[in-house]
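Coordinate-derived values only; no laboratory data. Fair warning: this is a prediction, and the values are worked out from it, not measured in the lab. Here the Cβ positions follow ideal geometry from the backbone for every residue, glycine too, while neighbour counts run over all protein chains shown.
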Amino acid sequence: MMCIMLCRAAANTEVDLTFYSCAMNEFIFDVKNIRKDFPILSQEIYGKPLVYLDNAATTQKPLSVIRKIEEVYSTINANIHRGVHRLSQLATESHEEARKTVQNYIGAASSKEIIFTRGATESINLIAASFCRSQCKPGDEIILTTMEHHANIIPWQIQQDITGIELKIVPLTEAGEIRLEDVEELISSRTKLISLTHVSNVLGTINPIEELIRLGHNYNIPVLIDAAQSIQHISIDVQALDCDFMVFSSHKMYGPTGVGVLYGKETWLDKLPPYQGGGEMIAHVTFAKTTFNELPFKFEAGTPDYVGTTALGEAIRYIKNIGLDNIRHYETHLLQYATKKLLQIENMQIIGTSERKSSVISFLIKGIHPYDMGMLLDRLGIAVRTGHHCAQPLMDALGIEGTLRASFAFYNTEKEIDILAEGIERVVKMF
Ligand code: PMP
């Protein structure tokens with residue numbers, strides 16, 4: 001961030017900021033070239049250049065990921081793990097290699113701790129079902145926060161009905177932050193797990209998960225981190241964090257849809273019972289008794305999406321090539337630029353004003369329904385999201401129905417933010 005700011009100060013403010021080059025400490029962010037890797041971005045929508053600002057919903061895919069999917073289907077496609085033939089071995093190697101790539105990306109101690117799922121949602125459902133069934137009795141408590149995505153609420157509500165657990169909800173401050181003392185106040189002798197998001201998909205708030213995990217562990221309570229909105233922006237080391245579980249989705253980190261990850265400490269995963277039954281997850285089956293496979297296969301019933309996992313591995317290579325620290329610098333700059341720009345618009349209200357934010361801006365314009373604004377921006381080629389963003393309890397707490405949301409990735413530019421601001425001004429004038 002510092003570097004970008006120094007560059008800005010040193011440079012002519014009219015300079016083409018789609019290209020950053022800073023000789024001072026070798027920081028180079030060549031967004032113009034990066035954009036060439038994403039074919040979808042050069043499209044026109046209604047005759048206007050696409051301005052894609054819906055990255056918190058899903059990210060676009062680089063050519064290397066798209067080509068990897070084609071390559072796997074064209075060269076090594078075969079069902080994995082049980083095959084003796086060459087193609088099956090190659091596909092298995094490719095899938096297991098991807099597991100190691102994920103392990104390295106998040107700093108897990110062992111590849112056994114990486115469970116492939118269909119997405120963050122399935123990963124949370126897996127833990128909710130398996131954890132509550134084996135670790136909870138009626139009256140035991142799970143702590144969530146007001147800013148959770150429905151994916152980190154409903155699986156626990158389903159378990160509430162099945163196992164009789166109770167949910168305790170951490171309130172938020174005005175700025176949309178969590179206070180440690182509010183979490184601590186909810187902890188009781190019945191608390192079994194704290195499950196919270198690293199970054200809010202609505203407010204952009206980056207939660208102090210290091211401190212929250214430490215707090216949980218002080219009381220011997222495991223902590224699940226929903227990293228769906230952080231894994232693509234912030235460098236994460238699960239061992240340094242010491243979280244017990246972490247979940248995320250491939251499609252939000254430039255990988256394919258339909259693949260997700262559950263990280264769990266081996267000691268926990270060993271203790272928990274399987275979530276789904278079927279092929280792959282067994283050691284031996286008779287009608288009288290079945291024994292289960294070792295980790296990670298115990299939690300991976302059925303044919304996994306080995307094409308998707310391989311492509312996720314490619315997406316991680318792509319991210320690492322750019323460098324998460326560079327991504328974070330550049331996206332923080334985009335966030336600050338966009339916040340400043342949007343605040344110049346009359347009647348603009350930004351929802352979520354934490355000091356520690358990811359590149360997500362939710363906003364409202366007094367007198368204009370978010371849906372109308374979103375529809376009209378779409379006609380200008382600008383893709384933003386409108387609505388409750390799968391966080392209705394948060395909307396209730398804020399006393400609103402929904403927001404507009406612009407979310408930025410490393411391939412977005414200042415120019416696109418200018419187009420967004422101009423588009424909003426145009427719509428405001430129409431009203
Ligand atoms: N958690 C958060 C914070 C999210 O933003 C999302 C997706 N919007 C999810 C969980 C669920 O992710 P998926 O739909 O990919 O399973």
Would segment 271-361 count as rounded, prolate or oblate if I go by the C-alpha gyration tensor, calling it rounded below 1.5 in a/c and otherwise prolate when a/b exceeds b/c, oblate otherwise? prolate
Residues of type aspartates and glutamates that residue 341 reaches as a straight line, Cα spacing below 19 Å, ignoring anything fewer than 8 places off in the same chain: 14, 16, 54, 331, 355, 414, 416, 418, 422, 425
Only helices counted: for the chain, with every DSSP H run of 4 or more residues adding -39500 (n - 2.57) and the sum spread over all residues, [θ] at 222 nm is -12500 deg cm²/dmol
Segment residue 276-residue 166, length gained on full extension (0.36 nm per residue, minus Cα span): 37.2 nm
Just name one of 282, 155, 183: the one whose Cα is farthest towards the positive end of the charge dipole of segment 66-320 (beta-carbon charges, Lys/Arg +1, Asp/Glu -1). 282
Which percent of Cα-Cα pairs in segment 147-303 sits in each 5 Å bin, short to long? 2, 8, 15, 18, 20, 17, 10, 6, 3, 1, 0, 0
Can you give me the three principal axis dimensions of the chain from its C-alpha atoms, in Å, biggest first? 72, 54, 42
Could you give the nm distance between label points at residue 356 and residue 317, where each point is 7 Å from its Cα heading toward the beta carbon? 3.4
Given the pairs 32/429; 61/429; 100/415; 192/357; 68/112; 112/252, which are separated by over 27 angstrom at their Cα positions? 32/429; 61/429; 100/415; 192/357
Given contacts defined as C-alpha pairs under 8 Å and at least six residues apart, what's the relative contact order of segment 66-320, whole-number percent? 25
10 Å Cβ shell holding at most 13 others, DSSP loop, GluC sites (Glu not before Pro): longest site-free stretch of the chain: 27-173
How far is the Cα center of segment 109-175 from the Cα center of segment 281-308, in Å? 23
Contour minus end-to-end for residue 431 and residue 339, with contour as 0.36 nm per residue of separation and end-to-end as the Cα-Cα distance? 30.9 nm
Among the DSSP beta bridges whose two residues both lie in segment 66-320, what percent are antiparallel, rounded to the nearest 5? 45
Going by a ≥ b ≥ c, the root eigenvalues of the Cα gyration tensor, does segment 190-279 fall in the rounded group (a/c under 1.5), the prolate group (a/b larger than b/c) or the oblate group? oblate
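For the chain, what is the relative contact order in percent, using Cα pairs closer than 8 Å and at least 6 residues apart in sequence? Provide the component values of the computation, followed by the final result.
Details: 807 pairs, mean separation 94.6, N = 431.
After rounding, I find 22 percent.
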Connecting every pair of Cα atoms under 10 Å apart in the chain and solving the GNM, the largest mean-square fluctuation among 227, 315, 288 falls on 288
Residues residue 292 and residue 77, FRET efficiency given R0 of 30 Å [Cβ-Cβ distance, rounded to 0.05]: 0.60
Within segment 169-185: backbone nitrogen closer than 16 Å to the residue 349 label point (7 Å, Cα to C-beta): 174-176
Can you tally the net charge around residue 295? Count Lys and Arg as +1, Asp and Glu as -1, for every other residue whose Cβ sits under 10 Å from the Cβ of residue 295. -3
What nm distance separates the two modelled labels at residue 182 and residue 84, each placed 7 Å from Cα along Cα→Cβ? 6.1
Need the full-extension length gain, residue 237 to residue 110, defined as separation in residues times 0.36 nm minus the C-alpha distance. One decimal, nm. 44.4 nm
With the cut-off at 1.5 for a/c, could you classify segment 95-204 from its C-alpha gyration tensor as rounded, prolate or oblate? oblate
Using DSSP, restrict attention to beta bridges with both residues in the chain and report what percent are antiparallel, rounded to the nearest 5. 65
